[in-house]
Amino acid sequence: MKHVTPYHNWTSEQALKFFNLPFNDLLFQAQSVHRACFDPNMIQMSSLLSIKTGGCEEDCSYCSQSSSYDSGLEASKIIPLEQVVAAAKDAKQAGATRFCMGAAWRNPKERDMPKIIEMVKAVKNLELETCVTLGFVSPEQAGELKEAGLDYYNHNIDTSQEYYKTVVSSHSFNDRIDTLAILRDKKIKLCTGGIIGMGETRIDRANMLRTLACLPKHPESVPINMLVPIPGTPFADLDQVDSFELIRTIAVARIMMPRSYVRLSAGRMELNDHAQSLCFLAGANSIFCGDRLLTTRNVDNDTDMALFKTLGLKAEQHFEGKVTAAE
Ligand code: SF4
């Protein structure tokens, strides 16, 4: 594989120009970059578990877990360690190499940290990569997580800086960027991306990717989600974005962040096999496996494995820093 040097000075105009390319030209360029940096037939699989559901004090307009909206979701307290370990073992068995634990709150309280630290250590002991998504963390908390063996932290920027206030009013875009800097400072790998289909324009999508691609170091993982409209939330009645726009977004992310894992994330249930195949061709090389995300349904493993077989894709395995294909 050739060496592609990541570039960090992208402009909005450059990002938009990629989006506006003829579809075939865009996919050819994205696939060329992808092949220069990755085995194009290998897909990394992560698994996601909600460790504390609902009752969140933030007001993200897409989210079923915000206490600002009546989505019918039942809030629950932080789950026991044994439940996390059992889910992580199942995820590993299903082919996941990374296990992500998500809690719905603005930020972890000090009293929550010992439990989370135990979870990170236990999952790490199973030889899985560890990831958490816990909202805003202090430098001290980030340091504790790193010490416990945390590999990745998920903290999405969601959309463009300009559109952010239409999506969330309880915190700002810059709050998110500041947290990413805290995590980087502690040498934690970043998983950060966004959601399309929230009423934003293509310019917003281009600006979101430009922000990510202009971070001092590209995020190691870039999840691209398609809005799953949840009844009771402000975005419940938005029309679904065209799947070609999702494919274009993935392709532009691949070109602008050539060495990042680009994850085809929430919204996969709405895609048929052909659309998913085009997402992989556009450079997506990571998915969530298992039939559940934090609160929404996901494609089941048998269906994913059938598509992998059709396309000749292999699930990626990590062993002592080396990437190989699962048998
Ligand atoms: S901070 Fe997270 S859990 Fe809370 S409302 Fe926003 S997206 Fe949902």
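The values are calculated or read from the model by the stated rules, or taken from the named source; none is laboratory data. Remember, predicted model here, so these are calculated numbers, not experimental data. Here Cβ is always computed from backbone atoms with ideal geometry, including for glycine, and neighbour counts include all displayed protein chains. Just the protein is used for accessible areas: all its heavy atoms, side chains included, with ligands, DNA and RNA removed. Shrake-Rupley method; radii C 1.70, N 1.55, O 1.52, S 1.80 Å.
Can you name the number of the only condition in (1) of a type in the set (D, E, K, R); (2) in a loop (DSSP other than H, G, I, E, B); (3) over 20 Å from ARG263 (Cβ atoms) that LYS217 fails?
Against the list (1) of a type in the set (D, E, K, R); (2) in a loop (DSSP other than H, G, I, E, B); (3) over 20 Å from ARG263 (Cβ atoms), LYS217 comes up short only on (3).
One residue is enough: does the stretch 97-105 have a residue meeting the conditions more than 17 Å from the chain's Cα centre (by Cα) and closer than 29 Å to SER260 by Cα?
Checked against the condition, which is being more than 17 Å from the chain's Cα centre (by Cα) and closer than 29 Å to SER260 by Cα, the stretch 97-105 yields at least one hit.
Can you pull out the residues in the stretch 39-67 that are open to solvent by 20 Å² or more (accessible area, probe 1.4 Å), part of a strand (DSSP E or B) and more than 10 Å from the ligand (Cβ to nearest atom)?
Passing the criteria: MET42, LEU48, LEU49.
Would you mind stating whether ASP70 is farther than 30 Å from THR310 by Cβ and assigned to a loop (DSSP other than H, G, I, E, B)?
Yes, satisfied.
Looking at (1) crowded, with 23+ Cβ neighbours inside 10 Å; (2) touching a Pro at 6+ places or on another chain (Cβ under 8 Å), which is the only condition PHE235 fails?
Failed condition: (1).
List, please: which pairs have Cβ atoms under 7 Å, are six or more places apart or on different chains, and start with a residue in the stretch 174-185 that is over 12 Å from LEU212 (Cα atoms) and end with one that is of a type in the set (A, V, I, L, M)?
THR179/VAL137; ILE182/VAL137; ILE182/ALA142; LEU183/ALA142; LEU183/LEU190; ARG184/LEU190
Go through the residues of the stretch 226-234 one by one and say whether even a single one is within 18 Å of the chain's Cα centre (by Cα) and under 21 Å from ASN20 (Cβ atoms).
yes
Looking only at the stretch 149-180, how many residues end up being open to solvent by 10 Å² or more (accessible area, probe 1.4 Å), under 27 Å from PHE99 (Cα atoms) and either away from the ligand (no atom under 16 Å from the Cβ) or of a type in the set (A, V, I, L, M) (or both)?
The qualifying residues number 4.
Considering only the stretch 14-25, I want to know if a residue exists there that is over 20 Å from the mean Cα position of the chain (by Cα), modelled with pLDDT of 95 or more and of a type in the set (Asp, Glu).
Yes; the residues of the stretch 14-25 include at least one that is over 20 Å from the mean Cα position of the chain (by Cα), modelled with pLDDT of 95 or more and of a type in the set (Asp, Glu).
Of all residues in the stretch 265-286, how many are surrounded by 15 or more Cβ atoms within 10 Å (Cβ to Cβ) and modelled with pLDDT of 95 or more?
Final tally of qualifying residues: 12.
Tell me, which strands (runs of 3 or more DSSP E) lie completely within the stretch 79-196 with 1 or more residues that are of a type in the set (A, V, I, L, M, F, W, C)?
98-103, 129-133, 189-191, 194-196
Which condition number in (1) over 30 Å from LYS309 (Cα atoms); (2) buried (at least 18 other Cβ atoms within 10 Å of the Cβ); (3) within 13 Å of the ligand (Cβ to nearest atom) is the one that ASN107 fails?
Only one criterion in (1) over 30 Å from LYS309 (Cα atoms); (2) buried (at least 18 other Cβ atoms within 10 Å of the Cβ); (3) within 13 Å of the ligand (Cβ to nearest atom) is unmet by ASN107, namely (2).
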